[in-house]
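Bear in mind these aren't lab numbers, they're just calculated from the coordinates by the rules spelled out. Just so you know, these numbers come straight off a predicted model, no measurement behind them. As a convention, Cβ positions derive from the backbone with ideal geometry for all residues, glycine included, and neighbour counts pool all protein chains shown.
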Amino acid sequence: MSEKKESSKIIRLAHGAGGVLQEELINFITKDITLKNVNKGIGVEELDDGATIPLENYDKEIVITADGHTVYPLFFPGGNLGTLSICGTVNDLLMMGAKPLALTSTIIIEEGFKFEVLEKIIKSFNEKAKEANIAIIAGDTKIMPSGSLNEIIIATSGIGIKDKEIKIVDNGLKVGDKIIITGTIGDHGTALMASREGLNISTDLESDLNLLLEINESIKSEIKSNYIHAMKDPTRGGIAGALNDWASKSNVSIYLEEEKIPIKKQVNAICDMLGLDPFNIACEGKALLSVDPAQADIVLKKIKSTQIGKEAEIIGEVKAENPKKVLLKTLVGGTRFVDMPLGEPIPRIC
């Protein structure tokens with residue numbers, strides 16, 4: 001009797017969703033790369049929001065980030081593929097402490113896509129780039145046969161520059177740091193899911209899609225003084241994914257207070273309805289910061305003074321015990337682990 005042949009392992013949607021499976025895929029893709037950084041800068045191994053190229057004989061370094069945007073539907077409450085592509089790219093540069101300078105874009109379009117829809121996406125793309133004051137300096141366009149691609153995707157690479165003395169990295173958390181979130185969590189992924197066909201969810205919830213320039217500008221002196229040790233926009237995998245990533249890379253624990261974490265009533269309601277955890281749901285206009293405790297209140301006040309940071313809160317603290325774990329003090333007084341999600345529960349959210 002012949003043995004049953006084991007089926008080949010395949011790529012799943014969850015492999016691109018910001019959790020444990022995505023880490024597995026990235027490790028598979030990058031494990032055999034020979035050169036993983038330039039001039040001892042941040043490279044592939046660090047898996048940060050971008051990479052750096054320190055310039056020899058200068059006090060600056062180039063920051064580079066890359067992202068692919070496959071959001072569905074293309075137009076959603078609060079934004080579209082074009083605005084998302086710019087915000088995602090610019091925010092990744094900002095989270096490295098860089099000033100955004102330029103980007104490239106690769107647009108891949110399915111045969112049969114309507115010019116009038118493309119015009120709306122490109123108009124939004126260009127307008128948001130102008131708002132961010134970032135130049136579009138190069139790119140490519142490809143057409144795929146009908147049926148081989150779902151409508152359109154945009155891939156971007158962002159280029160920025162920063163002072164070498166600024167050290168904002170995922171492994172930079174220090175014991176005692178305060179964790180700040182710049183506003184409510186889960187808005188983007190929840191709004192996107194509610195807008196998809198077939199769910200019949202009626203809500204006024206919109207994506208939080210936004211540029212984080214205003215927030216970065218408000219705290220630029222604290223960034224330059226290295227009072228801010230890490231920053232990240234919690235996109236795929238939500239704050240659960242981002243915070244677990246920090247805790248693991250920095251070999252620390254993060255203790256959160258549930259009552260301090262801002263969540264809209266609509267997000268809680270939709271997540272309850274669909275059986276989702278808002279901690280795992282993507283944001284597209286929020287930032288997490290790990291801040292020197294002596295400066296945390298000052299940083300929070302500055303963020304709250306901005307239009308998009310009014311709901312910012314200190315939600316937790318970095319500790320030494322239980323390293324590489326994220327723990328949550330619940331509303332009822334208990335404590336539970338906040339695990340790294342297996343993947344973003346909502347596919348194609350960015």
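Brief remarks on what is shown
- Candidates 143, 179, 308: whichever shows maximal mean-square fluctuation once the chain is modelled as a Gaussian network with Cα springs under 10 Å: 143
- In summary, the convex hull built on the alpha carbon positions of region 154-248 has an orientation-averaged projected area of 8.5 nm².
- Among residues other than residue 161 with Cβ under 12 Å from its Cβ, the summed charge is +1 (Lys and Arg +1, Asp and Glu -1).
- Anchor residue 325: lysines whose Cα lies under 27 Å away (excluding residues fewer than 8 positions away in-chain): 31, 167, 174, 178, 232, 249, 260, 264, 286
- Helix-derived mean residue ellipticity, 222 nm - over the chain, DSSP H n ≥ 4, -39500 (n - 2.57), to 500: -8000 deg cm²/dmol
- When you count the other C-beta atoms within 10 angstrom of each residue and take the mean per peptide, 25-35, 109-119, 234-244, 152-162 line up highest first as 234-244, 152-162, 109-119, 25-35.
- Between 135, 247, 294, the residue with the greatest mean-square fluctuation in the GNM of the chain (Cα pairs under 10 Å linked by springs) is 294.
- A Cβ-based charge dipole, computed about the Cα centre of the chain with Lys and Arg at +1 and Asp and Glu at -1, lands at about 280 debye.
- Dipole in debye (nearest 20) - region 1-153, about Cα centre, beta carbon charges: Lys, Arg +1; Asp, Glu -1: 220 debye
- Fewest-first ranking of 90, 20, 299, 332, using other Cβ atoms within 10 Å as the exposure measure: 332, 20, 299, 90
- With an a/c value of 1.5 or above and a/b not larger than b/c for the gyration tensor axes a ≥ b ≥ c computed over the alpha-carbon atoms, region 247-350 is described as oblate.
- Taking a sphere under 11 Å around the Cβ of residue 92 and counting the other residues whose Cβ falls inside, with K and R at +1 and D and E at -1, yields a net charge of -3.
- Loop-resident GluC sites (Glu not before Pro) (DSSP state other than H, G, I, E or B) in region 17-81 with no more than 16 further Cβ atoms inside 10 Å of their Cβ: 56.
- Whether the chain is rounded, prolate or oblate, judged on the alpha carbon gyration tensor where a/c under 1.5 counts as rounded: rounded
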